[in-house]
Amino acid sequence: MPAPKKRILFVIMDGLGDRACPELRGMTPLQYMRTPNLDWFVDHGQGGLMDPISPGIRPGSDTAHLAILGYDPGESYTGRGPLEAIGIGLDMQPGDIALRCNFATVDDSLEIIDRRAGRIREPETTELVESLEDMDIDGIECIVRESTEHRAVLLLRGEGLSSNITDADPGGDTHLLMCEGRDEESEFTAYVVNRFMEECYERLRNHPTNRKRSAAGLMPANILVPRGAGCYPHIEPFQEKYGITGACVAGMGMIKGVCKACGLDIYPLPDGCDGSLDSDLITKTQCALEALNEYDFVLMNIKAADIAGHNGNPKEKCDVIRDLDAVAGFIKERLPEDTVIVLTCDHCTPCILEDHSGDPVPVAIFTRDMVRDEASEFSETGCSKGSLGRIRGMDLLNICMDLANRTEKFGS
Ligand code: ZN
Ligand code: ZN
């Protein structure tokens, strides 16, 4: 009798891995917290460490997710803007350029006061975006859509565009940058982006929503600051590459974009599963388990630990870990038969760095008939004792496809 073909569930706990935190007596949040349910999967399966891209390479969530889905980011990545655009359902076409934007707050001299405009979110961002409709700059159509929280996407459509431009977003700095072309061909696109920012400021600074925010003592979202320009990515569809169907369960537009660009379906989620720190994780997990009834492969992304890491707040990350352990418990109790389950992260977001690092992440793989190893704790050290050793993100799905009895023999 042929072995049953199993389904595969990836639980990607975004940015969960960490480094030694002085606030936690030199432990990582995962080492510090008791996590019986996360541990159960390592204990009954196999543990290891994973370099999401390759050792020492500091991944973005987008490139890491591409790699974890088995795509070489060096070949398939064209920037974060396009992935976010595809993720929020914009019909991106070859020739278009997409950029991610932050709603930000600038003063009269265009110095940035808050690059997230007080973390403004829906429905206010929707109201603001409405006022940015019908924008045409020198024959280039500028299409703006809101994304998660303070984020938005700008899609440029027209002749003669290039993605080889610098970011207008200065990151941690306060001085708004002018977008520049990296070559002669890109200067026009840079000009369009700079004109776009001016136009946004004109339309947003006296917008009723912003007046209300100012009156309430909140930061007005009076400009959109673009970054991460990219052209349409050409990626081999997931179903052709692996011969299985797949879905993505995620709140973040960018993660949905990566998955959609790879040909995964975006599984619909109820309100409240939005990828924020207070996202409803159990409902999301329920959706992921439901999706497994329909699809051979499901990737669930949970964003919260990454946010706590960027906030540089180990205690907050510990609180998130308590919720993540509840998620693992929920999955354990409803363990779907014939499923390969992976618990891992797309990268570490050490609190001490307030950003991603190139450190390897813990990974656990569980399925019912697999060989158990000595690893028994889900943490950076606990997983390092496991038999998976140190793998690359690009190998993860192949390992799971094998455990799921879905791989073709190489040779005879
Ligand atoms: Zn991430
Ligand atoms: Zn992050």
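Observations, loosely collected:
- Contact map, the stretch 8-22: residues that are under 26 Å from residue 402 (Cβ atoms) paired with residues that are in a strand (DSSP E or B) and within 12 Å of ligand 2 (Cβ to nearest atom), Cβ distance under 6 Å, separation 6+ or inter-chain. Pairs shown: 12/301; 14/301; 17/348.
- Candidate set: the stretch 18-59, residues that are in a loop (DSSP other than H, G, I, E, B) and within 16 Å of ligand 2 (Cβ to nearest atom); chosen: the one nearest to residue 72 (Cα to Cα): 53
- Residues located in the stretch 194-208, provided they are open to solvent by less than 70 Å² (accessible area, probe 1.4 Å) and within 16 Å of residue 181 (Cα to Cα): 194, 196, 197
- A single entry from 70, 56 fulfils the requirement of being over 26 Å from residue 165 (Cα atoms) and in contact with a helix residue (DSSP H, G or I) (Cβ under 7 Å, 6 or more places away or on another chain): 70.
- Any chance residue 139 is surrounded by fewer than 16 Cβ atoms within 10 Å (Cβ to Cβ) and within 21 Å of the chain's Cα centre (by Cα): no
- Of the candidates 256, 284, the single residue that is at pLDDT 95 or above and part of a helix (DSSP H, G or I) is 284.
- Of the residues making up the stretch 173-188, those that are touching a strand residue (DSSP E or B) at 6+ places or on another chain (Cβ under 8 Å) and more than 27 Å from residue 114 (Cβ to Cβ) are 181, 182, 186, 187, 188.
- Residue ID - farthest from residue 50 (Cα to Cα), chosen from residues in the stretch 328-357 that are charged (D, E, K, R) and within 16 Å of ligand 2 (Cβ to nearest atom): 354
- Among residues of the stretch 291-330 being basic (Lys, Arg) and away from ligand 1 (no atom under 16 Å from the Cβ), the one that is least open to solvent (accessible area, probe 1.4 Å) is 315.
- One residue stands out in the stretch 339-364 among those that are in contact with a Ser or Thr (Cβ under 8 Å, 6 or more places away or on another chain) and more than 16 Å from residue 18 (Cβ to Cβ): the one that is surrounded by the most Cβ atoms within 10 Å (Cβ to Cβ), namely 364.
The values are calculated or read from the model by the stated rules, or taken from the named source; none is laboratory data. Because the structure is a prediction, the values reported are computed rather than measured. Backbone-built Cβ (ideal geometry, glycine too); neighbour counts: all protein chains shown. Just the protein is used for accessible areas: all its heavy atoms, side chains included, with ligands, DNA and RNA removed. Shrake-Rupley method; radii C 1.70, N 1.55, O 1.52, S 1.80 Å.
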